[in-house]
1. When you scan segment 116-129, do you find a residue that is surrounded by 10 or more Cβ atoms within 10 Å (Cβ to Cβ), farther than 30 Å from residue 77 by Cα, at pLDDT 75 or above and not assigned by TED's automatic domain parsing to the domain that holds residue 70, even just one?
2. Look through 32, 45, 24 and report the one residue that is modelled with pLDDT under 95, in contact with a helix residue (DSSP H, G or I) (Cβ under 8 Å, 6 or more places away or on another chain), assigned to a helix (DSSP H, G or I) and surrounded by fewer than 16 Cβ atoms within 10 Å (Cβ to Cβ).
3. Is at least one residue of segment 82-100 loosely packed, with under 13 Cβ neighbours inside 10 Å and in contact (Cβ under 8 Å) with a residue 40 or more places away in the chain?
4. Does segment 101-151 hold any residues that are in contact (Cβ under 8 Å) with a residue 40 or more places away in the chain and outside any loop (DSSP other than H, G, I, E, B), and which are they?
């Protein structure tokens with residue numbers, strides 16, 4: 001019995017009925033009777049499966065072409081939800097998760113919108129700003145030289161204004 005007989009396995013596997021007989025008696029027994037290795041048969045089966053397009057693989061390949069077409073038509077902007085919608089408009093029955101998986105396989109993605117940032121302060125360019133008399137040096141080295149103020153709003157329940165001496169941390173609260 002030949003230990004490694006890939007070429008014989010190719011020849012025997014092409015014989016009609018070999019696969020049906022192997023299901024009845026088992027691969028190991030068939031290989032022993034035909035004097036070929038089981039590894040040769042399995043190697044042939046793997047090579048055959050890799051080159052033969054199953055209906056599922058053919059469908060995914062067709063969808064990949066259609067997805068690339070829609071993606072290119074949108075100048076690369078569409079992601080899986082819009083591509084799925086477009087394919088459905090064209091009469092294709094397809095799931096968004098399938099489209100997303102195929103897009104990941106062929107390494108394409110849509111353009112994500114920028115995240116929304118809340119702008120709480122809009123500066124008026126025509127507004128006049130008070131002069132900076134301490135030139136951003138808040139510690140002058142003596143008492144009562146620099147005072148600052150802050151208005152706090154706590155959930156619109158009350159307003160409080162604080163005036164603080166930075167050197168001695170004296171606080172005067174108003175309101």
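The values are calculated or read from the model by the stated rules, or taken from the named source; none is laboratory data. These figures come from a predicted structure and were not determined experimentally. Here the Cβ positions follow ideal geometry from the backbone for every residue, glycine too, while neighbour counts run over all protein chains shown.
1. no
2. Values: 32 fails: in contact with a helix residue (DSSP H, G or I) (Cβ under 8 Å, 6 or more places away or on another chain); 24 fails: in contact with a helix residue (DSSP H, G or I) (Cβ under 8 Å, 6 or more places away or on another chain).
Answer to the check: 45.
3. no
4. 102, 105
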